[in-house]
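These notes are about the structure you will find just below.
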Amino acid sequence: IGGIVLISHAWKVLYEAAKKQVLATSGLYAYLRHPQYLGFILIIIGFLLQWPTIITLLMAPILILRYLLLARREDQEMKKLYKDSFKFYQQNTPGFFPSWQKIIKRVKLNS
């Protein structure tokens, strides 16, 4: 369920950014660069835990690795497209695991 929520929330931000042809850096993208891929990985892990068959045991690591490689390739494409702005974003925003310091800082600012 968490994976589905991540994907749906991230999709809205990504869709709006694509319409404007800008780098997606708001919403979940303010905390991590690949929230949709993280969502898919969480879904894969959920299926693996819910239904651990030989097929899911074999496919889960392959699919997870594929999403990690896809994220790496996407980062390279974004560097070419958005140059320095993406490099800054990449240096300040983790790929898959959000920075708790950044989350706490934002919560304090909104309080």
Q. Does the stretch 47-69 include one or more residues that are closer than 17 Å to Leu14 by Cβ and in a helix (DSSP H, G or I)?
A. yes
Q. Within the stretch 75-85, is there a residue that is at negative phi, free of Cβ contacts under 8 Å to residues at least 40 places away in the same chain, open to solvent by 40 Å² or more (accessible area, probe 1.4 Å) and in contact with a His (Cβ under 8 Å, 6 or more places away or on another chain)?
A. no
**Q.** Neighbours by Cβ (under 8 Å, 6+ apart or cross-chain): first from the stretch 15-40, under 23 Å from Arg66 (Cα atoms) and in a helix (DSSP H, G or I); second of a type in the set (Phe, Trp, Tyr) and open to solvent by 40 Å² or more (accessible area, probe 1.4 Å)
**A.** Gln36/Trp11; Tyr37/Tyr67; Phe40/Tyr67
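Could you look through the stretch 86-111, keep only residues that are hydroxyl-bearing (Ser, Thr, Tyr) and under 18 Å from the mean Cα position of the chain (by Cα), and pick out the one that is most open to solvent (accessible area, probe 1.4 Å)?
Among residues in the stretch 86-111 that are hydroxyl-bearing (Ser, Thr, Tyr) and under 18 Å from the mean Cα position of the chain (by Cα), the one most open to solvent (accessible area, probe 1.4 Å) is Ser99.
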Q) If Trp100 satisfies every condition in (1) within 23 Å of Ile1 (Cα to Cα); (2) touching a residue at least 24 places away in the same chain (Cβ under 8 Å) but one, which is the exception? A) (2)
Q. In the stretch 41-62, which residues are open to solvent by less than 90 Å² (accessible area, probe 1.4 Å) and more than 15 Å from the chain's Cα centre (by Cα)?
A. Ile45, Gly46, Leu48, Pro52, Thr53, Thr56, Met59, Ala60, Pro61
Q: Check off (1) touching a Ser or Thr at 6+ places or on another chain (Cβ under 7 Å); (2) in contact (Cβ under 8 Å) with a residue 40 or more places away in the chain; (3) among the aliphatic types (A, V, I, L, M); (4) over 24 Å from Ile104 (Cβ atoms) for Leu48 and give me the number that stays unchecked.
A: (2)
**Q.** Qualifying residue in the stretch 19-28 (condition: touching a Gly at 6+ places or on another chain (Cβ under 7 Å), closer than 22 Å to Pro98 by Cβ and not basic (Lys, Arg))
**A.** no
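Against the condition at positive phi, more than 14 Å from the chain's Cα centre (by Cα) and open to solvent by 50 Å² or more (accessible area, probe 1.4 Å), how does Gln21 come out, does it pass?
In short, yes.
The values are calculated or read from the model by the stated rules, or taken from the named source; none is laboratory data. As the structure is a computational prediction, the values presented were derived from the model and not from experiment. All Cβ positions, even for glycine, are placed from backbone atoms using ideal geometry, and neighbour counts span all protein chains on display. When the accessible area is computed, the model is the full protein with side chains, heavy atoms only, and any ligands, DNA or RNA have been set aside. Shrake-Rupley method; radii C 1.70, N 1.55, O 1.52, S 1.80 Å.
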